[in-house]
């Protein structure tokens, strides 16, 4: 019975048609970047488990094993560059969508960003796991403009 559920779980990894994340970035108080990212929980759990050798990654709290590994992974794969400065993003909180299909990650930049000066965003989340992964980002600027971007394996850095 246990092997049946393992087989079923593994087959959904290969049949899951969408390989994408959705993020929205705004600028908060003192121009800190505030980002909400949604990742499919099955893709994320599989990859974080494999990459960091976690049997069952947990994302229930900031101190859960999966969340700690995810924070490290985000520092390596999702950040902002402004001038010669790399600005990391820290996990502030986590939520799940209804039915736990996706993990909602609330991120905040460790330092402020000057939104009127040139900056780049690097988002390679799950590119090392899925070649067809796309990461979509909407930026709401302080001037109330909405900009939309799609990151993929060929364009991991934009702006």
**OP:** Scan region 22-67 for residues that are out of contact with any helix residue (DSSP H, G or I) (no Cβ under 9 Å at 6 or more places or on another chain), in a helix (DSSP H, G or I) and under 19 Å from residue 129 (Cα atoms) and report the count.
**Re:** 2
Subject >> Every pair of residues 6+ apart whose Cβ atoms lie under 6 Å, when the first sits in region 62-83 and is free of Cβ contacts under 8 Å to residues at least 24 places away in the same chain while the second is buried (at least 19 other Cβ atoms within 10 Å of the Cβ) >> reply: 66/48; 66/57; 66/59; 69/48
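Conditions (1) in contact (Cβ under 8 Å) with a residue 24 or more places away in the chain; (2) closer than 16 Å to residue 24 by Cα, marked per residue:
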| residue | (1), (2) |
| --- | --- |
| 87 | yes, no |
| 97 | yes, yes |
| 103 | yes, yes |
| 106 | yes, yes |
| 110 | no, no |
| 120 | yes, yes |
| 127 | yes, no |
Original post:
When both residues are 6+ apart or on different chains and their Cβ atoms are under 8 Å apart, which pairs have a first residue that lies in region 134-154 and is on the phi < 0 side of the Ramachandran plot, and a second that is assigned to a strand (DSSP E or B) and at pLDDT below 85?
Top reply: 134/20; 135/20; 136/20; 137/158; 149/158; 151/157; 151/158
Original post:
Can you find a residue in region 80-101 that is at pLDDT below 95 and closer than 18 Å to residue 132 by Cβ?
Top reply: no
**OP:** Find the residue count for region 111-133, including only residues that are out of contact with any strand residue (DSSP E or B) (no Cβ under 6 Å at 6 or more places or on another chain) and either assigned to a strand (DSSP E or B) or farther than 15 Å from residue 43 by Cβ (or both).
**Re:** 4
Subject >> Residue check, residue 152 closer than 18 Å to residue 44 by Cα and surrounded by 13 or more Cβ atoms within 10 Å (Cβ to Cβ) >> reply: yes
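The values are calculated or read from the model by the stated rules, or taken from the named source; none is laboratory data. Owing to the predicted nature of the structure, the values given are computational and were not obtained by experimental measurement. When we count neighbours, we look across all protein chains shown, and the Cβ atoms used for this are built from the backbone with ideal geometry, even at glycine.
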